[in-house]
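Step one of this worksheet: look at the structure below.
The values are calculated or read from the model by the stated rules, or taken from the named source; none is laboratory data. Fair warning: this is a prediction, and the values are worked out from it, not measured in the lab. Every residue, glycine as well, gets a Cβ built from its backbone with ideal geometry; the counts of neighbours run over all protein chains shown. Heads up: the accessible areas ignore ligands, DNA and RNA and are worked out on the full protein's heavy atoms, side chains in. Shrake-Rupley method; radii C 1.70, N 1.55, O 1.52, S 1.80 Å.
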Amino acid sequence: MSKHVQAYFHNESEAEHVRVLLQTYPIQHVEIGAIQEAPDRNFLLLPLGATVGSGDVAVGATGAAYGAGGGAGSQAGAAAAFVGLNEAERMGHDDNRDGVDDRELQYVLSAQVQAADYMQIVELIRSNGGAVLQVDETP
């Protein structure tokens, strides 16, 4: 059984990046397009914050944790720099300092996904800057 997912992005590059990441899932009918009017943010699950966890641990896009002294310690600096740049980018577009990027959502990505993968895909989209139209948690 499949479900429809619709996600909104600030630019085409963000939408294309997520489209590439979604190729690891059995998805169908993937489309990206520009929109004339941004959706009402009251009906969207906004992107997740750029940082996850605390202290010197950063979580990458694949969920791998990097930290000083950990098994992936040699990558800790790169992961922390990446997270720091994303946070700086997000805060640079937060005019009223409420933690939400205030740029208009100008692109939409829509796809049919497997019901079993739906919540994972929603989290993948949100962790990569996308805002998802109301999550439908029913099978």
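To keep it simple, each residue is scored yes or no on (1) of a type outside the set (A, V, I, L, M, F, W, C); (2) surrounded by 15 or more Cβ atoms within 10 Å (Cβ to Cβ); (3) outside any strand (DSSP E or B).
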residue: V5; (1), (2), (3): no, yes, no
residue: Y8; (1), (2), (3): yes, yes, no
residue: A15; (1), (2), (3): no, yes, yes
residue: V20; (1), (2), (3): no, no, yes
residue: T24; (1), (2), (3): yes, no, yes
residue: H29; (1), (2), (3): yes, no, no
residue: I32; (1), (2), (3): no, yes, no
residue: A38; (1), (2), (3): no, yes, yes
residue: N42; (1), (2), (3): yes, no, yes
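List every residue pair whose Cβ atoms sit under 8 Å apart, with the two residues 6 or more apart in sequence or on different chains, where the first one lies in the range 9-31 and is closer than 19 Å to D117 by Cα and touching a residue at least 40 places away in the same chain (Cβ under 8 Å) and the second, anywhere, is open to solvent by 50 Å² or more (accessible area, probe 1.4 Å) and in a loop (DSSP other than H, G, I, E, B).
Filtered contacts from the range 9-31: L21/A61.
For the range 101-130, name all the residues that are assigned to a helix (DSSP H, G or I), of a type in the set (S, T, N, Q) and under 18 Å from E12 (Cα atoms).
Hit for the range 101-130 is S127, nothing else.
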